[in-house]
Amino acid sequence: MQLKTIIKKFKKSAPIIVIGDPITDKYIFTETSRVSQEAPVLIVKKLRTEYRDGGALNVCNNIWELGGKSMYVHKIANNLKSVKTRVIANNQQLLRIDNDYIIKLSNDENNKIIDDIKYMYQKYHSRIIIISDYAKGIISQELFTKIINLTNTYQNLKVIIDPNTKHIKWYKHLKGLKNIIMVPNLKEYNAGCKGSETLVITKGSEGIEIVSNGKRKCISSVKKQVSDITGAGDTLTAVLGLCLNIGFNLEKSAKIANRAAGIVVAKFGTSTITKKEFIE
């Protein structure tokens with residue numbers, strides 16, 4: 001199937017439900033030419049500042065950029081989000097400053113999210129949920145468990161989990177459950193982000209490895225110049241969801257998602273893949 005046809009299918013498909021932590025990626029671009037006399041540090045001159053959507057919002061943006069539809073089911077109260085500030089000098093990252101805003105949802109808010117999922121399932125035929133967990137509070141154990149339990153009620157509902165090492169204990173309860181796909185990177189996998197019957201493990205320049213029904217299959221990456229891996233996992237998760245959403249099997253979906261992530265790592269900073277880039 002040609003990629004143009006695939007994009008048309010993305011456009012006609014049901015909305016993908018995205019649940020997770022909203023993050024703002026702030027970039028301060030500078031230039032530098034000398035070292036300070038006060039301390040062994042660079043002196044930089046500020047050129048410009050850019051703000052980009054990160055975390056779960058970047059997953060949504062990747063879906064929309066390729067013509068799909070996403071529904072972010074948690075309203076961002078008062079626009080309060082964690083901010084990752086990166087200082088860039090001469091196209092090199094000098095440092096990152098994290099200003100975390102930990103969100104704690106009430107029981108009513110958790111129940112509202114579950115009600116929204118049920119509504120999207122019944123009204124708009126949404127069959128894919130993406131959990132984008134950056135451990136900033138949106139994904140609590142209570143909410144995680146409630147989402148996973150929905151797959152028992154709605155057996156054609158698939159949940160794709162971009163996991164976090166802080167929540168390893170949660171994943172031990174996924175064994176034996178169908179329609180749960182975890183997408184850890186190799187570091188997260190080795191740290192214990194496993195448990196589901198199906199895994200898509202991202203391994204950087206080595207590509208990805210699919211683990212399903214006790215079988216393993218490696219898919220190599222197309223060799224590209226890596227500029228920045230920031231947000232590549234968001235792109236892979238988003239495109240995996242898009243492909244599964246139009247009925248592709250796991251292997252074909254993972255191959256296409258792997259190619260898409262390979263395009264994004266050639267860009268600087270948190271980025272999305274465009275339709276043109278996807279087709280070419």
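The values are calculated or read from the model by the stated rules, or taken from the named source; none is laboratory data. Since the structure is predicted, the reported quantities are computational estimates derived from the model, not experimental observations. With ideal geometry, Cβ positions are generated from the backbone for all residues, glycine too; neighbour counts draw on all protein chains shown.
Below, the figures for the structure above:
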| read-out | value |
| --- | --- |
| Test: residue in the stretch 85-106 that is closer than 29 Å to E142 by Cα and polar (S, T, N, Q) | yes |
| Among residues of the stretch 60-92, those that are part of a strand (DSSP E or B), touching a residue at least 40 places away in the same chain (Cβ under 8 Å) and not hydroxyl-bearing (S, T, Y), counted | 7 |
| Total residues in the stretch 118-150, condition assigned to a helix (DSSP H, G or I) and out of contact with any strand residue (DSSP E or B) (no Cβ under 6 Å at 6 or more places or on another chain) | 16 |
| Boolean, I263 is of a type in the set (A, V, I, L, M, F, W, C), touching a Lys or Arg at 6+ places or on another chain (Cβ under 9 Å) and under 29 Å from I88 (Cα atoms) | yes |
| For G241: the one exception among (1) surrounded by fewer than 20 Cβ atoms within 10 Å (Cβ to Cβ); (2) in a helix (DSSP H, G or I); (3) not charged (D, E, K, R) | (1) |
| Close pairs (8 angstrom Cβ cut-off, 6 or more residues apart or separate chains): polar (S, T, N, Q) and surrounded by 14 or more Cβ atoms within 10 Å (Cβ to Cβ) in the stretch 1-17, at pLDDT 95 or above and part of a loop (DSSP other than H, G, I, E, B) anywhere | S13/G68; S13/K69; S13/I246 |
| Check on I97, surrounded by fewer than 16 Cβ atoms within 10 Å (Cβ to Cβ), without any contact (Cβ under 8 Å) to a residue 40 or more places away in the chain, aliphatic (A, V, I, L, M) and in a loop (DSSP other than H, G, I, E, B) | no |
| Which listed residue is out of contact with any Phe, Trp or Tyr (no Cβ under 9 Å at 6 or more places or on another chain), surrounded by fewer than 20 Cβ atoms within 10 Å (Cβ to Cβ) and closer than 23 Å to I148 by Cα, from G176, G204 | G176 |
